[in-house]
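The next block holds one structure in the form of structure tokens; read it before the comments.
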Amino acid sequence: MDLEILPVVQQRTYPKLYVDGPFGGPSEEVFNYDVSLCVAGGIGVTPFACVLHALLDGWSGFRLQRLYFVWVCRELQSFYWFAELLCALHQKLWQENRPDYFNMKLYVSQTDNLQSMSEERFRPLASRLLVGRPRWKLLLDEIGKNNKHRRVGVFCCGPKGISRTLHRLCNSARSCGTTFEFNKESFS
């Protein structure tokens, strides 16, 4: 059967194909803003792991002055995927006397059989764990008030509902003069 296919393939002429790249995802632009907000829904945290690792390796070379990080998961266990990375970054910034550089909020939306992150090493996460879903308008208003007349990069990777809501809110007018620029990360 291979012999029958081979002559047909050899007879065809194929166009030359050029590939330009590789191109990074929108999350690479996090560092091009003074203030960025990364919003992850569940496994949508994956693109932001590179951002967090870069900050852990050394934050001084970036334009970024403040990072807001919001991660929404159904179950508490999902936060353990990157718990050590989040705690290491939190600890590093506290040791460098930059606790305001990284503002982290974790939301667990499913309250059935809810337990706490009781291990001592995850204390920084436990204190930032909120039950329910984020109130996006209030969150953006708070970020806007703390960053008046600045451009804030908003980066989202998660369910369509979160993306739509954030996109709509980013496009609405703000009284404090803060501009929110929406960027969507998606998996293929």
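The values are calculated or read from the model by the stated rules, or taken from the named source; none is laboratory data. Treat the numbers as computed from the prediction; the structure is a model and nothing was measured. Counting neighbours? That spans all protein chains shown, and the Cβs are built from the backbone with ideal geometry, glycine included. Heads up: the accessible areas ignore ligands, DNA and RNA and are worked out on the full protein's heavy atoms, side chains in. Shrake-Rupley method; radii C 1.70, N 1.55, O 1.52, S 1.80 Å.
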Query - Pairs with Cβ under 8 Å, 6+ apart, first in region 18-30 and closer than 17 Å to residue 64 by Cα, second assigned to a loop (DSSP other than H, G, I, E, B) and modelled with pLDDT of 60 or more - result: 26/185; 27/185; 30/64
Report summary line: Within region 31-55, the count of residues that are in contact with a Cys (Cβ under 7 Å, 6 or more places away or on another chain), in a helix (DSSP H, G or I) and in contact (Cβ under 8 Å) with a residue 60 or more places away in the chain comes to 4
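Determine whether residue 52 is surrounded by fewer than 18 Cβ atoms within 10 Å (Cβ to Cβ), within 24 Å of residue 107 (Cα to Cα), in contact with a Leu (Cβ under 7 Å, 6 or more places away or on another chain) and not basic (Lys, Arg). Explain how you work it out, then say what you get.
Numbers: surrounded by fewer than 18 Cβ atoms within 10 Å (Cβ to Cβ): no; within 24 Å of residue 107 (Cα to Cα): yes; in contact with a Leu (Cβ under 7 Å, 6 or more places away or on another chain): yes; not basic (Lys, Arg): yes.
It is false that residue 52 is surrounded by fewer than 18 Cβ atoms within 10 Å (Cβ to Cβ), within 24 Å of residue 107 (Cα to Cα), in contact with a Leu (Cβ under 7 Å, 6 or more places away or on another chain) and not basic (Lys, Arg).
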Report task. Assess whether residue 155 counts as being in contact (Cβ under 8 Å) with a residue 12 or more places away in the chain, out of contact with any Leu (no Cβ under 6 Å at 6 or more places or on another chain) and assigned to a strand (DSSP E or B). Result -> yes
Query raised in the report: Can you find even one residue in region 56-68 that is part of a helix (DSSP H, G or I), open to solvent by 10 Å² or more (accessible area, probe 1.4 Å), in contact with a strand residue (DSSP E or B) (Cβ under 7 Å, 6 or more places away or on another chain) and modelled with pLDDT of 85 or more?
Result: no
Query raised in the report: In region 35-48, how many are open to solvent by 50 Å² or more (accessible area, probe 1.4 Å) and either under 17 Å from residue 144 (Cβ atoms) or more than 9 Å from the chain's Cα centre (by Cα) (or both)?
Result: 1
Query raised in the report: Within region 20-29, is there a residue that is more than 23 Å from residue 122 (Cβ to Cβ), in contact with a Ser or Thr (Cβ under 9 Å, 6 or more places away or on another chain), surrounded by fewer than 18 Cβ atoms within 10 Å (Cβ to Cβ) and modelled with pLDDT of 75 or more?
Result: yes
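Is it true that residue 111 is under 19 Å from residue 131 (Cβ atoms), modelled with pLDDT under 90, open to solvent by 70 Å² or more (accessible area, probe 1.4 Å) and assigned to a loop (DSSP other than H, G, I, E, B)?
Numbers: under 19 Å from residue 131 (Cβ atoms): yes; modelled with pLDDT under 90: yes; open to solvent by 70 Å² or more (accessible area, probe 1.4 Å): yes; assigned to a loop (DSSP other than H, G, I, E, B): yes.
Judged against the criteria, residue 111 is a match.
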